[in-house]
Amino acid sequence: MKRMKRIAIQGEYGSFHDIAAHLYFANEQIQLTCCATFEDVFAEVRGDSAAIAMLAIENTIAGSLLHNYDLLRQSGTMVVGEQRLHIQHCICCLPDDDWSTIVEVHSHPVALMQCRSFLSNHPNIKAVEADDTAGSAAYIVENQCHGCAAICSADAARLYGLKILEDSIEDNKHNFTRFLVACHPQKAALLRSLAEVDKSSIVFSLPHEEGSLSKVLTILSFYDINLTKIQSLPVIGHEWEYLFYVDLTFDNFTRYRQAIDAITPLVKSIKILGEYKEN
């Protein structure tokens, strides 16, 4: 019998992090620890070496969650998996409310942005930013906020007993978020096998020299390593220096490790954030 896994997520029960965690750990027993911020998520993992972090890292519409890249790099955790989730939003309210009584809609700023066209068709409803989609639904129920609606997942609406006024209200129906699963490095081997990995997330910095990035990319290409994402972030306090967060996919783990060894002399610093199976 597998031991129950404790998963730290940002958001409440019914949030997209909750849905992603249950998808990734399907058929396993999990216990969620709901956190207000991503900083709190990593604090949970630091405080309990058995805890696992689930965090959103990028969205096909909103782009990368840049702050989470820094938190991941500084956390000392190891990425062991990823989960892609199709994001669908609904608008919901208390059972005795309806379109004629709704004056406010509460949700996370990203969710509000992803439903911009829908909201523009309801100019009489004021958008109110909140910390979490599912948290907005919970708040409306706990405080019996008549006249208020939430934008969240249909799962969250049902979980909190809210009435769904309309489902699939997101502007872009090809709206996906990618989540990463991270844990204490000593626990990584228990959550994934290196024999099965075909993807890696790394971060490196480069000397401020002409062609430094192209040299690294050329070597990765030589070793048949495919770049699926590259994200640069400035190094605070160091003008014109950047950290490059890169996702790599590969067919041969040995060739991938050889590629890492080959680029190491060309960079100022390099760190493997995790090696895992592509989802």
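Values quoted throughout were computed directly from the atomic coordinates according to the rules given, and no laboratory measurement underlies them. None of the values given here were measured: they were computed from a predicted structure. Please note: Cβ atoms are built from the backbone with ideal geometry, for glycine as well, and neighbour counts cover all protein chains shown.
Determine, from the Cβ-Cβ distance of Trp240 and Ala154 and an R0 of 35 Å, the FRET efficiency 1/(1 + (r/R0)^6), rounded to the nearest 0.05.
That gives a FRET efficiency of 0.15.
Take every Cα-Cα pair in the chain and report what % of them are more than 35 Å apart.
So the pairs more than 35 Å apart make up 26 percent of the total in the chain.
Can you give the net charge of the other residues whose Cβ lies under 14 Å from the Cβ of Leu159, counting K and R as +1 and D and E as -1?
So the surrounding residues net to -3.
How much space per residue, in cubic angstrom, does the convex hull of the C-alpha atoms of region 1-109 take up?
Normalising the Cα hull of region 1-109 by residue number yields 137 Å³.
Quick check: from the Cα gyration tensor, does region 40-80 come out rounded (a/c under 1.5), prolate or oblate?
Because a/c hits 1.5 or more and a/b exceeds b/c, region 40-80 counts as prolate.
Longest exposed-loop-site-free stretch of the chain, with trypsin sites (Lys or Arg not before Pro), DSSP loop and at most 15 other Cβ within 10 Å?
4-172
Could you please rank Val235, Val105, Val41, placing first whichever residue has the fewest other Cβ atoms within 10 Å of its Cβ?
So the ranking, lowest neighbour count to highest, is Val235, Val105, Val41.
Cut-off under 16 Å on the C-alpha distance; same-chain residues fewer than 8 positions from Lys163 excluded. Which aspartates and glutamates are left, in chain and number order?
Asp96, Asp97, Asp98, Glu104, Glu142, Asp155
Near Lys187, which aspartates and glutamates are there with a Cα under 14 Å away, not counting those fewer than 8 places off in the same chain?
Asp48, Glu275
Cα gyration tensor of region 191-279, axes a ≥ b ≥ c as square roots of the eigenvalues: rounded (a/c below 1.5), prolate (a/b > b/c) or oblate?
prolate
Net charge around His89, counting only other residues with Cβ within less than 10 Å of its Cβ (Lys, Arg = +1; Asp, Glu = -1)?
-4
Can you tell me how region 1-58 classifies by the Cα gyration tensor, rounded, prolate or oblate, using a/c under 1.5 as the rounded cut?
Verdict is oblate for region 1-58.
Contour minus end-to-end for Arg6 and Ser120, with contour as 0.36 nm per residue of separation and end-to-end as the Cα-Cα distance?
Length gained, Arg6 through Ser120: 37.0 nm.
Taking a Cβ-Cβ separation under 4.7 Å as the criterion for a possible partner, which cysteines of the chain have none?
Result for the chain is Cys34, Cys35, Cys90, Cys92, Cys93, Cys115, Cys152, Cys183, no neighbouring Cys Cβ within the cutoff.
Which order do Phe250, Phe16 fall in if you start with the one that has the fewest other Cβ atoms within 10 Å?
Least crowded to most crowded, the residues run Phe250, Phe16.
List the GluC sites (Glu not before Pro) in region 1-102 that DSSP assigns to loop (not H, G, I, E or B) and whose Cβ has at most 13 other Cβ atoms within 10 Å. Which are they?
Here the GluC sites (Glu not before Pro) that fit, given the DSSP loop and packing criteria, are Glu28.
For Cys92, Cys145, Cys34, which order do you get if you count the other beta carbons within 10 Å of each Cβ and list the fewest first?
The order, fewest Cβ neighbours first, is Cys145, Cys34, Cys92.
Regarding region 90-167, what are the three Cα extents along the principal axes, ordered largest first, in Å?
The Cα atoms of region 90-167 stretch 26, 25, 20 Å along their principal axes.
Which pairs, out of Lys5/Lys173; Lys173/Lys277; Lys229/Lys271, put more than 24 Å between their alpha-carbon atoms?
Long pairs (Cα-Cα over 24 Å): Lys5/Lys173; Lys173/Lys277.
How charged is the neighbourhood of Leu119? Take every other residue with its Cβ under 15 Å from the Cβ of Leu119, and add Lys/Arg as +1 and Asp/Glu as -1.
-3
Please list, in chain and number order, the residues 5+ apart from Leu165 or on another chain whose amide H is under 5 Å from its amide H, with Hs placed from the backbone.
Excluding prolines and chain starts, which carry no amide H, the hits are Ile91, Cys92, Cys93.
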